[in-house]
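Peer 1: Here you go, one structure.
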Amino acid sequence: MDEVEISFPDEGREGVVPVGTYLIDAAKRLGVSVPDCASEESHGCGIIIKKGAELFSTPTEAEKEQLGADSRDGTARLACYAKIEKPGEIIAMAKKKSEPAEEAKTEEREETYRKEFTELPLEKKIANLVHLEAIALSETFAFVINSPFKVFEKVGDVLAEFGFKKEEEEKRKARPAENGASDAKSSSKKQKASPSGEKNEQPNPPTT
Ligand code: FES
C-alpha cells in the first residue's frame with residue numbers, strides 16, 4: 001500500500017500514514033490536536049499545508065467558503081475534508097488559521113455594507129443613520145439606568161466587608177482576657193481538687 005510521510009514541525013510530530021487517509025485522522029494518529037467545528041458554518045479544523053498540497057483531494061465547496069483564497073492553491077485545508085490521494089511528503093501546521101479567514105469575512109461584510117450604504121439614496125442614508133443612532137441611544141439609556149444599581153451593590157459589598165472586619169477585630173481584642181480568666185478558673189479548680197498534685201480520695205466508712 002502506498003504511504004505518505006507527514007510531519008507537523010510546529011507540534012514536533014511526524015509519521016507515516018497510508019494513502020486514502022483523511023488529514024484529520026492523520027493528525028489525530030500523530031497526536032496533533034485539531035479543534036472541532038465551532039458551528040455549522042465555522043470549522044475549527046483548518047490546517048496549513050506547507051508542502052505536498054498536490055497530494056490531497058480537490059478542495060470542497062465547504063473549504064472554499066470557509067478558507068477563502070487560501071483554499072484555491074491548497075495551502076489551507078479543512079482536515080475533515082482533505083483526503084491524501086497520492087504518496088509523497090506532506091508538511092503541515094495545525095494552527096488556528098481559520099481565524100484570519102474569519103477576520104477576512106468580517107472585513108468583507110463591512111466592505112459590502114459600506115458599498116451598499118454609499119449607493120443608497122440620500123433619504124435612505126439619513127433613515128439608516130437615524131435608526132443606528134436610536135440603537136446607540138437605547139443602549140446608552142440602558143447603561144445609565146443600570147449604573148446606580150451597580151454602584152449601590154458595590155457600596156453594599158464594601159460596607160459588609162467593613163462590618164465583618166470590625167467584628168473580627170473586636171472579637172480578637174476580647175479573646176486574651178477571656179482566655180486568661182478561663183485559665184485562672186481552671187487552675188484554681190485544679191488547686192482545690194489536689195493541692196499536692198495527688199488525687200483526693202475519700203476514706204471508706206468503717207463497716208460494722
Ligand atoms: S471541524 Fe468542521 S469540518 Fe472539520
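The values are calculated or read from the model by the stated rules, or taken from the named source; none is laboratory data. Because the structure is a prediction, the values reported are computed rather than measured. We place every Cβ from the backbone using ideal geometry, glycine too, and count neighbours over all the protein chains shown.
Peer 1: Just to verify a result, which residue in the range 44-79, among those that are assigned to a helix (DSSP H, G or I) and of a type in the set (A, V, I, L, M), is farthest from the chain's Cα centre (by Cα)? It would help to see each step written out before you state the result.
Peer 2: Keep residues of the range 44-79 that are assigned to a helix (DSSP H, G or I), which gives 53-55, 61-67, 69-72.
Retained after the next criterion (residues that are of a type in the set (A, V, I, L, M)): 53, 55, 62, 67, 69.
Details: Ala53: 33, Leu55: 36, Ala62: 27, Leu67: 24, Ala69: 30 Å.
My answer is Leu55.
Peer 1: May I pose another question? So which residues in the range 1-43 are surrounded by 14 or more Cβ atoms within 10 Å (Cβ to Cβ), over 29 Å from the mean Cα position of the chain (by Cα), assigned to a loop (DSSP other than H, G, I, E, B) and away from the ligand (no atom under 16 Å from the Cβ)?
Peer 2: Across the range 1-43, the qualifying residue is only Val19.
Peer 1: Is it the case, given these coordinates, that Glu61 is within 11 Å of the ligand (Cβ to nearest atom) and at pLDDT below 90?
Peer 2: Details: within 11 Å of the ligand (Cβ to nearest atom): no; at pLDDT below 90: yes.
No; evaluated as a whole, the condition is false for this residue.
Peer 1: Name, by its number, the condition in (1) away from the ligand (no atom under 12 Å from the Cβ); (2) part of a helix (DSSP H, G or I); (3) small (Gly, Ala, Ser) that does not hold for Ala92.
Peer 2: Ala92 satisfies every listed condition except (2).
Peer 1: Let me spell it out: the conditions are (1) without any contact (Cβ under 8 Å) to a residue 24 or more places away in the chain; (2) under 14 Å from Val17 (Cβ atoms), and Leu55 meets all of them except one. Which number is the exception?
Peer 2: Condition not satisfied by Leu55: (1).
Peer 1: May I ask you to list pairs of residues, at least six apart or on different chains, whose Cβ atoms are under 8 Å apart, with the first in the range 33-44 being touching a residue at least 24 places away in the same chain (Cβ under 8 Å) and of a type in the set (A, V, I, L, M) and the second being assigned to a loop (DSSP other than H, G, I, E, B) and surrounded by 10 or more Cβ atoms within 10 Å (Cβ to Cβ)?
Peer 2: From residues that are touching a residue at least 24 places away in the same chain (Cβ under 8 Å) and of a type in the set (A, V, I, L, M), the pairs are Val34/Gly44; Val34/Cys45; Val34/Ala79; Val34/Ala94.
Peer 1: Could you tell me whether Lys64 is among the basic types (Lys, Arg) and under 20 Å from Ile90 (Cβ atoms)? Please lay out each step first, then the result.
Peer 2: Values: among the basic types (Lys, Arg): yes; under 20 Å from Ile90 (Cβ atoms): no.
Taking the combined requirement at face value, the residue does not satisfy it.
Matching residues to (1) touching a helix residue (DSSP H, G or I) at 6+ places or on another chain (Cβ under 9 Å); (2) acidic (Asp, Glu):
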site	(1), (2)
Val16	no, no
Val19	yes, no
Ile24	no, no
Gly31	yes, no
Ala38	yes, no
Ser42	yes, no
Glu54	no, yes
Ser57	no, no
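Peer 1: Yes or no: Ala26 without any contact (Cβ under 8 Å) to a residue 24 or more places away in the chain and not hydroxyl-bearing (Ser, Thr, Tyr)? It would help to see each step written out before you state the result.
Peer 2: Working: without any contact (Cβ under 8 Å) to a residue 24 or more places away in the chain: no; not hydroxyl-bearing (Ser, Thr, Tyr): yes.
In short, no.
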